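What follows draws every value from the coordinates through simple rules; no lab data is involved. It should be emphasised that the depicted structure is a prediction, and the values quoted were computed from it without experimental measurement. FYI the Cβ positions are ideal-geometry reconstructions off the backbone, even for glycines, and counts take in every protein chain you see.
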Amino acid sequence: MKKSILFLAICSLFFGCEAPSNNGQIPGTHSSSTKPKNIILMIGDGMGVTQVSAGLYSNGNKLNLERFPYVGLHKSYSSDDLVTDSAAGATAFSCGVKTYNGAVGVDSDTVAVKTILEIAEEKGLATGMVATSTITHATPASFICHQNKRKQHQKNAADFLKTEIDLFVGGGKDHFEKREDGRNLSNELKKKGYVVSDFFQTPINDLKMDPAKPLAFYTANTNPVTVAEGRDYLPGIAKKSVEFLNVRGKEKGFFLMIEGSQIDWGGHANESDYIITEMLDFDKAIGHVVDFAEKDGETLVIVTADHETGGYAINKGSKLDSLKTSFTTDYHTADLIPVFAYGPGSENFSGIYENTAIFDKMKALYGF
């Protein structure tokens, strides 16, 4: 009997096999026959288990991530290296293929592969992306661009004009307007019917979104600043973006990717405070998204990372309000990466699997 109880406790912690509650229903789950109308994929770039732990311990031992009933682990390696980069890692999620480090939306032979966002568009769903980096950075680019090298930001920006994405918010205005080819992609977006705005014209937290029109909003000319330097838009814009897409996708649903980009940058800088402030900002956005999913009942929320950054560790002598941390590298590591799932279909994300399986699971749950 004691062994059975221990097994259930371990299973519950890592793979969501917890005893039912709330009249037999685990919060955030639905019957296995229920499929989501909407999927929100949230990527904490560079967010490994230690980044999550540090955020939790520094926040009164609480995170919104604790609301997720199912937790799994994915294998993050790319096609050419056990240690992936963000481009290959995000392409695994967006396209369902293992590719080489640096590739954006293409396979290991540099052949373009249709992304989950592009498939959703074709099926009539509303689509969107939000990031705290440039919107042309490796992770968001992997959902809409097809380039053999991730840092070709102007080419990445041009790929946005080849889609009908309903909403994108992030930095990188210069890649759309100050271009070597002389094109002004913002003007081209306006001709396509987009409302195009930026941080100079409108404080982002005052932004009014009209669901009747697609929206492009630039949060910086290049990269947005850090949370510590005053960036505060992610939680609010996450909430507004979900509401915006829910209206635009009221008939068939929506797909939204939200990236907490700078958790990764804190890892590269080996700065624990940077990681923690970005992690907590991302978790606030998670809270708004789960609040929506809880009320909506038709929305699957997946939270994961492309890789871990920094070889981040919490060491002996740490306390809940005072962590002693260290790093093994200023690059990424090959750690297994947590996957958190909430809502209809969430039970499919427990276990251990390849990072490409996240694409496969999303596609199957949509019924594509």
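Which percent, to the nearest 5, of DSSP beta bridges fully inside the chain are antiparallel? Don't jump to the answer; show the numbers that get you there.
Values: 15 of 49 bridges.
Here the share of antiparallel DSSP bridges comes out near 30 percent.
Three principal axis extents, largest first, for the C-alpha atoms of the stretch 308-368, in Å?
Cα extents, longest axis first: 49, 25, 15 Å.
Mind listing which trypsin sites (Lys or Arg not before Pro) in the stretch 294-368 are in a DSSP loop and have 10 or fewer other Cβ atoms within 10 Å?
Working: sites: Lys295, Lys316, Lys319, Lys324, Lys361, Lys363; in loops: Lys316, Lys324.
In loop regions of the stretch 294-368 (DSSP not H, G, I, E or B), the sparsely surrounded trypsin sites (Lys or Arg not before Pro) are Lys316.
Quick check: net charge around Glu259, other residues with Cβ under 15 Å of its Cβ, Lys/Arg +1 and Asp/Glu -1? Mind dumping the intermediate values first?
Values: positive: Arg150, Arg231, Lys284; negative: Asp45, Asp85, Asp264, Glu278, Asp281, Asp283, Asp306.
Counting the neighbours of Glu259, the net charge comes to -4.
Subtracting the Cα-Cα distance from 0.36 nm times the residue separation, let me have the gained length for Asp273 to Lys162 in nm, one decimal.
Details: separation 111, 0.36 × 111 = 39.96 nm, distance 3.91 nm.
Residue separation times 0.36 nm, minus the Cα-Cα distance, leaves 36.0 nm.
Across the chain, what fraction of all alpha-carbon pairs, as a whole percent, falls in each successive 10 Å bin from zero upward?
Computed distribution, short to long bins: 5, 25, 36, 24, 7, 1, 0, 0.
Starting from the Cα of Ala364, step 7 Å along the direction of its Cβ; do the same at Lys190; then give the gap between the two resulting points in nm.
Output for this residue pair reads 4.7 nm.
Within the stretch 192-260, which trypsin sites (Lys or Arg not before Pro) sit in a loop by DSSP and count at most 16 neighbouring Cβ atoms inside 10 Å? Working shown, then result.
Numbers: sites: Lys192, Lys208, Arg231, Lys239, Lys240, Arg248, Lys250, Lys252; in loops: Lys192, Lys208, Arg231, Lys250, Lys252.
Loop-located and lightly packed - Lys192, Lys208, Lys250, Lys252.
Between beta-carbons, use under 10 Å as the cut-off and find the net charge around Asn205, counting Lys and Arg +1, Asp and Glu -1. Show your work: numbers first, answer last.
On the way: positive: Lys240; negative: Asp206, Asp232.
Computed value for this residue: -1.
Quick check of the Kirkwood formula: for the stretch 91-250, what is the inverse mean of 1/r over all pairs of different Cα atoms, in Å?
So the Kirkwood estimate lands at 15.9 Å.
Of all chymotrypsin sites (Phe, Trp or Tyr not before Pro) in the stretch 151-220, which ones are in loop regions per DSSP and have a Cβ with at most 13 other Cβ atoms within 10 Å?
Numbers: sites: Phe160, Phe168, Phe176, Tyr194, Phe199, Phe200, Phe217, Tyr218; in loops: Tyr194, Phe199, Phe200.
Here the sparse-neighbourhood loop sites are Phe200.
Semi-axes of the equivalent ellipsoid of the stretch 155-251: what are they in whole Å, largest first, if each equals the square root of 5 times a C-alpha gyration tensor eigenvalue? Don't jump to the answer; show the numbers that get you there.
Details: eigenvalues 87, 75, 22 Å².
Equivalent-ellipsoid dimensions as semi-axes: 21, 19, 10 Å.
If you average the C-alpha positions of the stretch 240-268 and of the stretch 104-158 separately, how far apart do those two centres end up, in angstrom?
So the separation of the two Cα centres works out to 14 Å.
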